[in-house]
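Novice: Shown below is the structure under consideration.
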């Protein structure tokens, strides 16, 4: 999973990137994009690791991309949007703190400004494509009527200044996947707050309709530079019970509809990430295409049942280990052993 970090200048994108990735070193060259890959914290994996004592423990991972502006002086904003087109979702960082010059934040206007950039970017793509399709139709060429219909629907929403993410089934339609609409990406609105402000600002049309989270970015950035022996006191002083990384990852999973399942053994215990309502056969394919191709059965036990029993053998005795077929929908926390034959 990859999330792109976007926002207006001086919103604190770099600060948030460093707080999330624990990368305090700047880019080697000014204006370069930065990519940070972090483990997805999961206490269940730690418990399974203690239970099985494997040679390796492998966490699921999430990547954060902070697009650069190198070589794009005239249109750095558009360049940033092009760099994040292939991201699964966006984190829209909004300044909610005073600048060094004392300038007060205006989170509503900042949100609207960048959101309109996303909409206008997609509007240009849709208008251009529709114009070409209609021309080809006049010339007697075979065209996809479904594509025209869906693009026309997109056009209507964009002209009404409504982001395509408000219509997820439309934005994710197979026919339109190649367009990588930026206003159609799921988005987490992150308010970058003052050190003493933990609240989400009450902004009509944003805080009530968007996925929002408040982070004290500068404070979180400082945490990663504090020696471990001093961290506990610092966290207590500012009433920080959970890091920004943990909260953002959790919200990102919810935003994208993701869950985790586990594979266990003497060699490794490992977390895997899939969409909700993923079938057992498709989950097997996440591990290896051969697992999906030769899928026979999935031996499944829930994390709660396994830990309650204390061992896989005891869980079998209790009847909580079961065999499931290819259409079984994987649940969050399932421990699965796939049986396959190629």
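The values are calculated or read from the model by the stated rules, or taken from the named source; none is laboratory data. Keep in mind that this is a model prediction, so the values were computed, not measured. For neighbour counting, all protein chains shown are included, and Cβ atoms are generated from backbone atoms with ideal geometry for every residue, glycine included.
Novice: Sort out for me the strands (runs of 3 or more DSSP E) sitting completely within region 45-111 that have 1 or more residues that are at pLDDT 90 or above and loosely packed, with under 13 Cβ neighbours inside 10 Å.
Specialist: Values: elements: 56-58, 61-66, 89-96.
Hits in region 45-111: 56-58.
Novice: Among the residues of region 253-286, write down those that are within 18 Å of residue 333 (Cβ to Cβ), touching a strand residue (DSSP E or B) at 6+ places or on another chain (Cβ under 7 Å) and assigned to a helix (DSSP H, G or I).
Specialist: 256, 280, 283, 284, 286 - these are the residues of region 253-286 that are within 18 Å of residue 333 (Cβ to Cβ), touching a strand residue (DSSP E or B) at 6+ places or on another chain (Cβ under 7 Å) and assigned to a helix (DSSP H, G or I).
Novice: Same structure again: For residue 202, only one of the following conditions fails: (1) without any contact (Cβ under 8 Å) to a residue 40 or more places away in the chain; (2) surrounded by 13 or more Cβ atoms within 10 Å (Cβ to Cβ); (3) more than 22 Å from the chain's Cα centre (by Cα); (4) assigned to a loop (DSSP other than H, G, I, E, B). What is its number?
Specialist: Going through the list (1) without any contact (Cβ under 8 Å) to a residue 40 or more places away in the chain; (2) surrounded by 13 or more Cβ atoms within 10 Å (Cβ to Cβ); (3) more than 22 Å from the chain's Cα centre (by Cα); (4) assigned to a loop (DSSP other than H, G, I, E, B), residue 202 breaks only (2).
Novice: Taking region 287-307 only, how many residues are under 30 Å from residue 4 (Cα atoms) and assigned to a strand (DSSP E or B)?
Specialist: Restricting attention to region 287-307, the residues satisfying the condition of being under 30 Å from residue 4 (Cα atoms) are 287-289.
So of that shortlist, the ones also assigned to a strand (DSSP E or B) come out as none.
Number satisfying all stated conditions: 0.
Let's see how each residue does on (1) at pLDDT below 90; (2) under 23 Å from residue 56 (Cα atoms); (3) surrounded by fewer than 18 Cβ atoms within 10 Å (Cβ to Cβ):
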{"site": "231", "(1), (2), (3)": "yes, no, yes"}
{"site": "264", "(1), (2), (3)": "no, yes, no"}
{"site": "270", "(1), (2), (3)": "no, yes, no"}
{"site": "290", "(1), (2), (3)": "no, yes, yes"}
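Novice: May I ask you to verify whether residue 161 is at pLDDT 95 or above and on the phi > 0 side of the Ramachandran plot? Walk me through how you get there before you give the answer.
Specialist: Values: at pLDDT 95 or above: yes; on the phi > 0 side of the Ramachandran plot: yes.
Yes; evaluated as a whole, the condition is true for this residue.
Novice: Going through region 8-36 one residue at a time, which ones are at positive phi, modelled with pLDDT under 90 and more than 22 Å from the chain's Cα centre (by Cα)?
Specialist: Of region 8-36, the ones at positive phi are 10, 12, 22, 31.
Subsequent filtering for residues that are modelled with pLDDT under 90 retains 22, 31.
Across region 8-36, the qualifying residue is only 31.
Novice: Every residue in region 156-199 that is outside any loop (DSSP other than H, G, I, E, B) and over 22 Å from the mean Cα position of the chain (by Cα), please. Before the answer, list the steps.
Specialist: Narrowing region 156-199 to residues outside any loop (DSSP other than H, G, I, E, B): 156-159, 164-166, 168-171, 174-179, 187-193.
Of everything in region 156-199, those that are outside any loop (DSSP other than H, G, I, E, B) and over 22 Å from the mean Cα position of the chain (by Cα) turn out to be 156, 157, 158, 159, 175.
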